[in-house]
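Input: a single structure, listed below in structure tokens.
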Amino acid sequence: GKSVYRDVFCAIIYYLCLAAVVGVTVWIWVSRWPEIEAYNQHMYDNAELAAEQNSTDLNMWPNDMDYTGLVVTLVSCAVIGIVFGFIWLCVLRCLAGFIIKVMLFLSIALWTAVAVLGFLDNEIVVGVVGAVFAVLMLLYTICIWGRIRFASVLLELGSMIIGKFSGVVVVQVLTVLFTIIWFAVIAMCAWGYFIITSGDAQVTDEGYIYYNYDPNGWVIVALLMSLYWTLEVNSNISHCTACGVAAVWYFTPRTRALRSPTYKAFNRSMTSSFGSICLGSLFVAIIEMLRALVNAVARGERNICAICVRCCLGCLEWCVRYFNKYAYAHCAIYGVSFFKAAAQTWNLFSNQLIMALINDDLSGLGLFAGNLCSLVVCGLSGYGIAYSFYKDYSDPEVKEVLLYSLAVYGCIVGFILCWMVLVVVRSAIVTLFVCFAEEPAILANQRREEFDKLAEARPHMKQIVENIEPV
């Protein structure tokens, strides 16, 4: 049927906020460009003056550098990170349970090592903390051991769905790119605003030029609020798109081909469900804004009240984020408003909260293992590719800095890009968990093989649907 647009008022407010920030940014940089240009020139003059007084050169990079190896390393590490993410999806489809168990045992081993090293070095506090966490991890592993099978099956199915419909990864990349662009817009707006409110230039006795900044606090709050809100909306667009794709897979019979599920899910996220995404994201953005204000006011102070407020706001933010993750899954599955989805999520958590927390933790271990492996692989690749180009470079100091810098770059980029591929698997797992908890009979009728795998891990679900006739 025809899509019903939910929570439209919030989508309108969000678009108006975006338009306002873009309009103000354009106005500042167009109408006040001479002031901005003069300010930037003064900052450059200060840098030149400092370099002259310290007998340094602003351009310290050697002129005879061959940038071919640099470009090849930068591009190669990015490609390796993305490819490794998809490779890890295939690994999870076969070894999800084994990887989860390895990560659990590795956590116990690491905390045990911390305890042993702490006691050997006479660091009693470190040793006690390591021993306590090792025991806690051991007890946790024993308690949830029987639930690993269910989490591993969901992880296998989620990896299979994302691997089959990889367009959701493209959506994730696009939302990240838009986030970067919007961050640049906010930075330009803030930079321009600081310049036009800085007053006249002043000169110190040493010749440095400085300004007395006098920004309006409410303007800064508004810019931060816009930034936080947009970051949340972009992240949840990707989440809802992946949830929609997983929901379509869940409710579609095995014998029926799926046609453009990613495009349709993305279209719903940007149209009928966009208002709900904006509304839920607004709650998190408000909490983030409150945390930023508390941190700014209490900076450098060790007031117990401020510490408690920070802790409470941090816990509240985590709870709201976690709740919203499942609420957005309901929006994507059933096309309901945010508050209706919140009510459905509350009903789900009243019976399945502990199971949801354990499942998210265990599946997260499998995904985090992929991120760590990508970090190592891309770091080694960055160092190896850079070494192949610059092993004979004449300046050993520059060579060492370059090799290790590109290795660190490879670690960071490999981790981030692999995360961008794997993070949407979390969304698929959340959707499968919600659908299986609320509509197990549909999976039994549509995809019996997958239902049997999940029912094997949770036998009582088979009893719920055993009297339902197949459709």
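The values are calculated or read from the model by the stated rules, or taken from the named source; none is laboratory data. These numbers come from a predicted model, not from an experiment. Every residue, glycine as well, gets a Cβ built from its backbone with ideal geometry; the counts of neighbours run over all protein chains shown. Heavy atoms of the whole protein, side chains included, go into the accessibility calculation; ligands, DNA and RNA do not. Shrake-Rupley method; radii C 1.70, N 1.55, O 1.52, S 1.80 Å.
Whole-Hz Karplus values for the range 234-240 come out as 4, 4, 6, 4, 4, 4, 5 Hz, taken residue by residue from phi with 6.51 cos²θ - 1.76 cosθ + 1.60 and θ = phi - 60°; glycine and proline positions read x. Charge dipole of the range 210-334 (Cα centre as origin; +1 on each Lys and Arg Cβ, -1 on each Asp and Glu Cβ, all else neutral): 660 debye, rounded to the nearest 20. Among Val297, Leu231, Tyr250, which residue has its Cα positioned farthest towards the positive end of the charge dipole of the range 225-333, with +1 placed on the Cβ of Lys and Arg, -1 on the Cβ of Asp and Glu, and the dipole taken about the Cα centre? Among Val297, Leu231, Tyr250, the one farthest towards the positive end of the dipole of the range 225-333 is Tyr250.
Coupling constants for the range 109-126 follow from the phi torsions by the Karplus curve (6.51 cos²θ - 1.76 cosθ + 1.60, θ = phi - 60°), and in residue order they are 5, 5, 5, 5, 5, 4, 5, 5, 5, x, 5, 5, 8, 6, 8, 4, 4, 4 Hz; glycine and proline get x. Could you point to the residue in Ile181, Ile287, Cys10 farthest towards the positive end of the chain's charge dipole, with +1 and -1 charges on the Cβ of Lys/Arg and Asp/Glu respectively? It is Cys10, whose Cα lies furthest towards the positive end. Sorting Val169, Val423 on solvent-accessible area from highest to lowest, probe radius 1.4 Å, gives Val423, Val169.
Positive-end ranking of Ile429, Leu372, Cys411 along the dipole of the range 337-471, with charges on Cβ about the Cα centre, is headed by Ile429. Using only protein heavy atoms and a 1.4 Å probe, report how much of Tyr383 is accessible, in Å² to the nearest 10. The accessible area of Tyr383 comes to roughly 80 Å². Taking θ as phi - 60° and the Karplus parameters 6.51, -1.76 and 1.60, the scalar couplings of the range 93-100 work out to 5, 10, 10, 4, x, 4, 5, 4 Hz in sequence order, x denoting glycine and proline. Think of it as helices only: each DSSP H run of n ≥ 4 in the chain is worth -39500 (n - 2.57), and spread over all residues that comes to -29000 deg cm²/dmol at 222 nm. Cα centroids of the range 113-128 and the range 431-449: 48 Å apart.
Placing +1 on the Cβ of every Lys and Arg and -1 on the Cβ of every Asp and Glu, with no other charges, gives the chain a dipole of roughly 2840 debye about its Cα centre.
Accessible area per residue for the range 119-196 is 51 Å², calculated with a 1.4 Å probe on protein heavy atoms, without ligands, DNA or RNA. Helix 167-196 and the longest principal axis of the C-alpha atoms of the chain enclose an angle of approximately 30°. Computed with every protein chain present, the accessible area of Cys94 is close to 100 Å² [probe 1.4 Å]. Residue separation of Val129 and Cys311 scaled by 0.36 nm, minus their Cα-Cα distance, works out to 63.4 nm of gained length. When the alpha carbon gyration tensor of the range 220-339 is reduced to an equivalent ellipsoid, its three semi-axes come out at 36, 14, 10 angstrom, largest first. About the Cα centre of the range 291-335, how large is the charge dipole given +1 on each Lys and Arg Cβ and -1 on each Asp and Glu Cβ? Please answer in debye to the nearest 20. That gives the range 291-335 a dipole magnitude of about 100 debye. In the chain, the portion of solvent-accessible area held by carbon and sulfur atoms comes to 67 percent [1.4 Å probe, whole percent, DNA, RNA and ligands not counted].
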